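Student: Okay, handing you the structure first.
The values are calculated or read from the model by the stated rules, or taken from the named source; none is laboratory data. All values reported here derive from a predicted model rather than from experimental measurement. Here Cβ is always computed from backbone atoms with ideal geometry, including for glycine, and neighbour counts include all displayed protein chains.
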Amino acid sequence: MATHNISGTYVRHHCSKCHTFLYGQVTVAQGIPPYIACAAIDGDSVGNRPVEHLFVRSKVSWHEIGEGGNRHDTYPPM
């Protein structure tokens, strides 16, 4: 896994072979769950459902967000 410190407050983790974004983690506050790329999850193998949907305003028109999770047009307040 390749790690990139984006801003000093957020770290992105990518596959070291294909460089696909897998997840990101806020590093300045305790208890904030990681931001996981939807394509990084294989079905229900994780066992959890999303709790936040980011950038909902700019999602593609054909994508339907399922039930559950808070929806945000931008990053949620920290």
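Student: Which of the residues that make up segment 1-15 are touching a strand residue (DSSP E or B) at 6+ places or on another chain (Cβ under 9 Å) and not in a strand (DSSP E or B)?
Tutor: Once the filter is applied, which keeps residues that are touching a strand residue (DSSP E or B) at 6+ places or on another chain (Cβ under 9 Å) and not in a strand (DSSP E or B), segment 1-15 yields M1, I6, T9, C15.
Student: Taking segment 33-51 on its own, how many of its residues are surrounded by 14 or more Cβ atoms within 10 Å (Cβ to Cβ) and modelled with pLDDT of 75 or more?
Tutor: Counting residues in segment 33-51 that are surrounded by 14 or more Cβ atoms within 10 Å (Cβ to Cβ) and modelled with pLDDT of 75 or more gives 3.
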